Amino acid sequence: MATENNENIQDVNDKEMDINPVEAQEQNTEAVEENSFEAELEKEKDKFLRLFAEFENFRRRTAKERLELMSTASEGVITSLLPVLDDFDRALEQIEARDLETDLKGFSLISSKLRDTLSSKGLMLVDIAKGDVFNADLAEAVTQVPAGDEMKGKIVDIIEKGYKLGDKIIRFPKVVIGQ
């Protein structure tokens, strides 16, 4: 009977030996699958975060473009009104020269009303004056005239005023610079 028990124990040990490699292989396969799932999960998380970041950038960019579009939407209308402003300025200069008081008051009222309306829409005068150093980013040189050393490279005369709508210059001032 002892030999029979030994044989049974040996059979059980043999069976355990047979099961252990299979179980070990199954556990190994499960670990590999778990690692591949974790890697795939990390890959999908990274993909999601990148997509989310890209969407946020797109949202910010379109919001910025929308604000810029709204601030310069009336640019065409205002640009077409700028020659009217120039005509008012020339008429005012002529009236001031002749000293016609009542005409001057009427034109001044109309001019100031038009300027106030346009400035409420975001129109601003480009800040440039005679004697300033010429900057090609802020003004357009129409011509150069001989001038003394002190006016060399500086604005001698402003032929046409410049205007900007918001931060964008919609018409550059036309100037004469000293040579």
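Its Cα centre serving as origin, the chain has a Cβ charge dipole (Lys and Arg +1, Asp and Glu -1) of approximately 2600 debye.
Counting only lysines at least 8 places from residue 45 when in the same chain, there are none with an alpha carbon closer than 28 Å to its own.
The calculated FRET efficiency for the pair residue 147 and residue 167, based on their C-beta separation and a Förster distance of 41 Å, comes to about 0.80.
Relative contact order of the stretch 75-178: 27 percent, from C-alpha pairs under 8 Å at least 6 residues apart in sequence. For the pair residue 57 and residue 126, a Förster radius of 30 Å applied to the C-beta separation gives a FRET efficiency near 0.35, rounded to the nearest 0.05. Relative contact order for the chain: 17 percent, from Cα pairs under 8 Å spaced at least 6 residues apart, divided by residue count.
Compared with the alpha-carbon gap, the fully stretched path from residue 66 to residue 79 is longer by 2.6 nm at 0.36 nm per residue. Structure remark: mean-square fluctuation, Gaussian network model of the chain, C-alpha springs under 10 Å; the largest value among 78, 128, 110 belongs to 110.
FYI, it's all coordinate maths here, none of it is from the lab. This is a predicted model, so every value here is computed, not measured. FYI the Cβ positions are ideal-geometry reconstructions off the backbone, even for glycines, and counts take in every protein chain you see.
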